[in-house]
């Protein structure tokens, strides 16, 4: 808070990120304190806790939401049963809120194929998403050697990206 007090008038916004920031019991209080200093508020989330996200949405100015896979593929990608239901419920809540946002998917060949990415884009678009980003996996900091050893090279080809991009108002690829 001391840092933010010194940055009033210099910074426009604060983004709460993590791990998963909605895990923090005091997040609502922290957002309120930062908002009271005049900052806009952003949140990065994986949508793991839809009920917590719903409570926070009125306090937020922007949300970046990681969406890992289609509803059918979520458990395979996350290895956590039920995670897809929660993430897609959070996506629905976010879209209903009208808050500016982006949905993003970190792409890895162990978890995604061109077909699965296309199906994901179709599902997001059908839900009403208008902003989508595909992010190439970066191995830096990853402890799993199996995951680190695979390259995303060529997975996001021009034809696939053009097809997906046509479904959204804004679409981009963040290269590793």
| Any residue at all in region 92-103 that is under 25 Å from residue 148 (Cα atoms) and touching a residue at least 24 places away in the same chain (Cβ under 8 Å)? | yes
| Looking only at region 48-81, which residues are touching a strand residue (DSSP E or B) at 6+ places or on another chain (Cβ under 8 Å) and under 21 Å from residue 118 (Cα atoms)? | 64, 65, 66, 67, 68, 69
| said: I need a count of the residues in region 14-28 that are surrounded by fewer than 18 Cβ atoms within 10 Å (Cβ to Cβ) and within 21 Å of residue 93 (Cβ to Cβ). | reply: 9
| query | Regarding residue 34, is this residue in a helix (DSSP H, G or I) and touching a residue at least 24 places away in the same chain (Cβ under 8 Å)? | reply | yes
| Of the residues that make up region 94-101, is at least one modelled with pLDDT under 90 and surrounded by fewer than 18 Cβ atoms within 10 Å (Cβ to Cβ)? | no
| remark: Checked 43, 4, 93 against criteria (in contact with a strand residue (DSSP E or B) (Cβ under 9 Å, 6 or more places away or on another chain) and assigned to a helix (DSSP H, G or I)); the one match is 4
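The values are calculated or read from the model by the stated rules, or taken from the named source; none is laboratory data. Computed from a prediction, not measured in an experiment: that's the story for all the values here. Ideal geometry is used to build each Cβ from the backbone, glycine not excepted, and the neighbour counts take in all protein chains shown.
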